[in-house]
Structures are given as C-alpha cells and as structure tokens.
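Undergrad: Take a look at this one; I'll ask things after.
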Amino acid sequence: MPFSEEWLLSGHSTIKATCVQYRLVVRDVNTLQILHLYTCLDQIVHMEWSSDSLFILCAMYKRGLVQVWSLEQPDWYCKIDEGSIGLVSSRWSPDGRHILNTTEFHLRVTVWSLCTKAVSYIKYPKACQKGIDFSRDGCYMALAERRDCRDYVSVFVCDDWHLLRHFETETQDLAGVEWSPNGCVLAVWDSCLEYKVLLYSLDGRLLSTFSAYEWSLGIKSLAWSPSSQFLAIGSYDGKVRILNHITWKKVTEFDHPASINNTKAVVYKEVERKPVVGSADLSIQQHITMGSTLFNTQSKYEICPLPVQVPVVKPDLDRANPKVGVSSMAFSSDNRYLATKNDNMACVVWVWDMQRLGLLAVLEQTSAVRCFQWDPRRPRLALCTGNAKLYLWSPAGCVSVQVPAEGGFQVQSVTWHCSGDSLILLGKEQLCLCYMEVGEEEEEDDDVK
C-alpha cells in the first residue's frame with residue numbers, strides 16, 4: 001500500500017499529513033487526532049507542505065494532475081492539469097504561493113500562481129540529479145539547462161520570476177546545482193564520469209574550480225555545512241574532501257579505511273541477543289515493548305578495542321551504479337560534526353569532528369544502514385537499518401531502542417520534527433511517532449517513549 005509522510009509546524013499547533021492511496025489525512029502530532037480528511041482524484045504519488053504550512057500539494061503523476069488543499073479553508077481546493085504534456089515532478093516555491101511543475105521529457109517547467117492564476121513557462125530544464133535549487137532565503141532559484149548540447153545555469157528572482165543571470169558552465173554533463181546556506185555561492189558539479197566542482201557567485205562569476213583526479217569515477221555526493229564555511233564532496237574513491245569558503249581549496253580529506261586504529265575514535269558495534277522470557281531482565285523491557293515485540297531480537301552497542309576490521313563488500317564493477325563510494329553525508333546543525341556512509345561499507349556510519357578535522361566515532365550495525373539524519377536542534381544523530389529498531393548517537397554515546405509496534409514493523413526512514421523533540425519512523429505500510437523526553441540536561445538526558 002503506497003504510503004508517505006510530511007511534517008511541519010502550522011501557527012501554534014503541530015500537525016502532520018499522511019497519504020494512503022488517494023486519501024490525504026491531516027493529524028495533530030501530539031494527540032494523533034484527525035483534523036482534516038481530503039480525497040484526491042487518483043493515487044497520491046507525492047505530497048508537500050507549503051512553507052507556511054497553510055496548503056498541501058498532492059501530485060498524481062500518471063494523470064498529470066496536482067491538487068492543492070487549504071487548511072484554513074477546507075472547502076477550497078485547486079486543481080492543476082498539465083494535460084497531454086505529462087508531469088514528472090511538482091514542488092512549491094519558497095513563498096508557498098507558486099507551484100513548479102516539470103513536464104515529461106523535461107520539455108519545460110511551468111510556474112503556476114495560486115494568487116493571480118498566472119502561468120509562466122521556463123524552457124530547456126535539464127534532466128539531472130538536482131536540476132533546481134532555491135536559495136535558503138527564498139529569493140533566488142537556480143535552474144540547470146541543456147541547450148545545443150551545452151550546459152547552462154539560469155538564476156531567477158522568485159518574486160516575479162524574471163531572469164537575473166544566465167551563463168554557460170564548464171561541465172561536460174552537469175549533474176546538479178546547490179546554493180550555499182548563506183545564498184552567496186552556487187555549487188555546480190559534473191556527472192560521475194568527470195570529477196569537477198565549479199563555484200559561482202550570484203552574478204555568474206566563476207569563483208573556483210576543484211578537481212581531485214581524472215580518468216576515474218568522480219563525485220557521488222555533495223553537502224554544505226550550515227554555516228557555509230565548508231563544502232564536503234563525497235567521491236567514488238571512498239574519500240570525502242573538505243573545501244574551505246575562503247580559498248575554496250582542500251583543507252583535508254576523510255578516508256574510510258577497512259582497518260581502524262585511530263586512538264581518538266570510538267568504535268561502537270551493535271551486538272544482538274535473543275531475550276529470555278521470564279528472566280530478571282524481562283521487567284526492564286516491559287515499559288518499552290509489549291506483545292509480540294517482546295520476543296524480537298534485542299541489541300545494544302559495545303565499544304570495540306582497536307584495531308577494528310570494518311566489514312567491506314566487494315562491488316560488482318561490471319554492473320551499472322556499483323555500490324562503492326560515499327553516497328550520503330550530513331552536517332550537524334551546530335556545524336561540529338559530519339556523518340558519512342561509504343556504500344561498500346553499508347553497515348557503517350562514520351562521524352567526523354569538524355573542529356579537529358578527524359574521526360570521532362564509528363557505528364557498525366548488523367544490517368545495512370538505510371537512512372540517517374541529524375536532530376535539527378542538537379548534535380544527535382538518528383539512523384535506521386530496516387528493522388524494528390531506532391538508533392541514536394550523540395557525543396555522550398549510542399543507544400538502540402526497540403520500536404513498540406505490532407506486526408513486524410520495519411523502519412525504512414527517519415525524519416526529525418523541526419523542534420527536535422520528536423521524529424517519525426516510516427515503514428512500508430505504517431508509521432510510528434517517537435517522542436523525546438527532554439529533562440534538565442537536554443543533550444544528555446533525552447529518552448524515547
């Protein structure tokens with residue numbers, strides 16, 4: 001059964017929306033009470049909150065339809081039909097009053113206004129990894145374009161969608177664009193066939209070009225630090241290179257070795273055990289889980305003595321998209337830590353200290369890591385591995401928590417609430433809300449209920 005989720009704060013109340021097939025359900029996060037129930041014309045493939053959380057967008061790509069619902073006026077709705085030209089992507093603009101639809105074969109991007117009903121068309125959008133990005137302040141939009149077998153970037157002003165800058169990029173096959181958090185620099189990177197990152201100013205000037213090597217698979221992921229001081233580049237060679245914002249030169253690189261002997265790093269290894277029903281430890285688990293989950297495999301973290309051998313999977317290089325290289329990176333909200341994952345070490349998450357530019361912690365799981373995400377308010381990392389557990393890391397240590405859900409619930413992804421006080425655990429057909437108990441010492445005494 002198709003299932004997806006989104007969260008956001010709306011005024012003084014906390015709400016979340018879920019969709020199951022063609023139904024859109026809006027609930028209060030604290031009580032799970034249904035606030036609104038909407039019925040769409042077809043199965044919902046994608047949904048998204050507006051920036052002010054007053055509207056919800058529901059896209060039905062197969063029918064080329066988008067429906068918009070209002071929380072303030074439940075009887076009001078908007079329907080956008082792209083017709084025979086089709087629809088492959090739909091998203092909000094930062095102001096929450098315009099919708100950007102990308103048509104099939106990326107023939108154009110259509111900008112629909114909910115206020116004036118005006119329609120604008122942007123031609124030549126490129127089909128790539130990340131072809132559209134908005135600046136953090138919502139003032140500008142960067143769009144990757146492909147014209148006459150060449151790559152271009154257009155910068156638009158989001159107020160009235162007029163073209164601010166248009167320039168050609170020095171790429172063979174542009175793969176993505178991403179603004180720095182402060183909106184001063186635009187990062188543009190090439191496809192995996194060529195290692196190249198280009199950094200442009202708002203007016204289209206090329207500030208710097210970075211290339212680590214040639215004649216091998218190049219960039220796989222890219223991430224800005226929240227302060228815009230660092231740009232992390234994950235590569236197919238299993239390394240993360242950190243550029244500084246002053247000279248745009250490499251300040252360091254992080255490797256993911258198969259053998260860890262760094263004395264300044266702590267290696268946490270997940271160890272599983274079957275619970276013994278009727279033992280003295282049974283009462284400890286009763287406040288966490290009841291019913292069938294009582295007999296699930298439980299786990300805990302153990303600190304491993306150095307050196308430690310990390311499990312490595314040899315990728316099949318004869319197949320497309322080999323499982324090798326750094327595919328996931330994320331900075332903590334305070335810029336202090338960077339979490340990474342190397343695909344041929346799928347069970348391991350690496351945490352780096354950005355102050356001393358070194359390895360701080362390694363989390364070795366029993367299964368491949370599906371998703372990890374930082375708490376938006378605290379240096380706390382949540383991750384999941386496709387089982388019925390939630391894993392949390394902070395500078396104080398690691399914890400494994402059994403999810404109290406029935407029917408073999410498996411956590412496929414995690415999403416923090418913007419307050420950091422709760423997070424959502426998403427399964428294939430269910431979701432679970434996880435609330436963090438915050439004591440006097442917020443960063444050390446947080447528990448899960």
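Undergrad: Viscosity 1.002 mPa s, temperature 20 °C: Stokes-Einstein D of the chain from its Kirkwood Cα radius, in µm² per second?
TA: Details: Rh = 23.9 Å.
Value of D from the Cα-based Kirkwood radius: 90 µm²/s.
Undergrad: Could you tell me which of the pairs Lys79/Lys428; Lys250/Lys300; Lys250/Lys428; Lys62/Lys126; Lys264/Lys300; Lys16/Lys126 are separated by over 30 angstrom between their Cα atoms in the structure shown?
TA: Values: Lys79/Lys428 28 Å; Lys250/Lys300 38 Å; Lys250/Lys428 41 Å; Lys62/Lys126 21 Å; Lys264/Lys300 22 Å; Lys16/Lys126 33 Å.
From Lys79/Lys428; Lys250/Lys300; Lys250/Lys428; Lys62/Lys126; Lys264/Lys300; Lys16/Lys126, over 30 Å: Lys250/Lys300; Lys250/Lys428; Lys16/Lys126.
Undergrad: Once Rh is set to the Kirkwood radius over Cα pairs, what Stokes-Einstein translational diffusion coefficient, in µm²/s, holds for the stretch 112-248 at a temperature of 10 °C and a viscosity of 1.306 mPa s?
TA: On the way: Rh = 15.5 Å.
For the chosen part, D equals 103 µm²/s.
Undergrad: Amide H to amide H, which residues 5 or more places from Lys126 or on other chains are under 5 Å from it, using H placed in the peptide plane?
TA: Amide H neighbours of Lys126: Ala144, Glu145, Arg146.
Undergrad: Could you work out [θ]222 nm for the chain from helices alone, using -39500 (n - 2.57) per DSSP H run of at least four and dividing by all its residues? Round to the nearest 500 deg cm²/dmol.
TA: Details: 1 runs with 4 residues, N = 449.
Rounded to the nearest 500, the figure is 0 deg cm²/dmol.
Undergrad: Still on this model: With a 1.4 Å probe and all protein chains left in place, how much accessible area per residue does the stretch 123-216 have, in Å²? List each step's numbers first, then the result.
TA: On the way: 4550 Å² over 94 residues.
For the stretch 123-216, the solvent-accessible area averages 48 Å² per residue.
Undergrad: Another question, then. Considering only C-alpha atoms, what is the centroid distance from the stretch 123-147 to the stretch 310-337, in Å?
TA: Their Cα centres are 25 Å away from one another.
Undergrad: Where the convex hull is taken over the Cα atoms of the stretch 296-449, what is its projected area averaged over directions, in nm²? Walk me through the numbers on the way to the answer.
TA: Details: hull surface 42.2 nm².
Averaged projected hull area, Cα only: 10.5 nm².
Undergrad: Sort largest first and round to whole Å: the equivalent ellipsoid semi-axes of the stretch 23-105, each the square root of five times a Cα gyration tensor eigenvalue. It would help to have the intermediate numbers written out before the result.
TA: Numbers: eigenvalues 108, 39, 23 Å².
Taking √(5λ) for each Cα gyration eigenvalue gives 23, 14, 11 Å.
Undergrad: Order the peptides 352-365, 156-169 from the highest to the lowest mean number of other Cβ atoms within 10 Å of their residues. Walk me through the intermediate numbers first.
TA: Working: 352-365: 18.4, 156-169: 14.5.
Result, highest mean first: 352-365, 156-169.
Undergrad: Of the residues Cys58, Cys432, Cys19, which exhibits the maximal mean-square fluctuation in a Gaussian network model of the chain defined by a 10 Å Cα contact cut-off?
TA: Largest GNM mean-square fluctuation: Cys432.
Undergrad: Moving on to the next point. Check which residues have an amide H placed less than 5 Å from Lys220's amide H, if you skip close sequence neighbours.
TA: Gly234, Ser235, Tyr236
Undergrad: Let me ask you something else. If packing is taken as the average number of other Cβ atoms within 10 Å across a peptide's residues, how do 299-309, 221-231 rank, most packed first? Present the calculation step by step, with values, prior to reporting the outcome.
TA: Details: 299-309: 13.5, 221-231: 19.2.
Highest-to-lowest ranking by the protection proxy: 221-231, 299-309.
The values are calculated or read from the model by the stated rules, or taken from the named source; none is laboratory data. These figures come from a predicted structure and were not determined experimentally. Ideal geometry is used to build each Cβ from the backbone, glycine not excepted, and the neighbour counts take in all protein chains shown. For the accessible areas, the whole protein counts, side chains as well, though only heavy atoms, and no ligand, DNA or RNA atoms are used. Shrake-Rupley method; radii C 1.70, N 1.55, O 1.52, S 1.80 Å.
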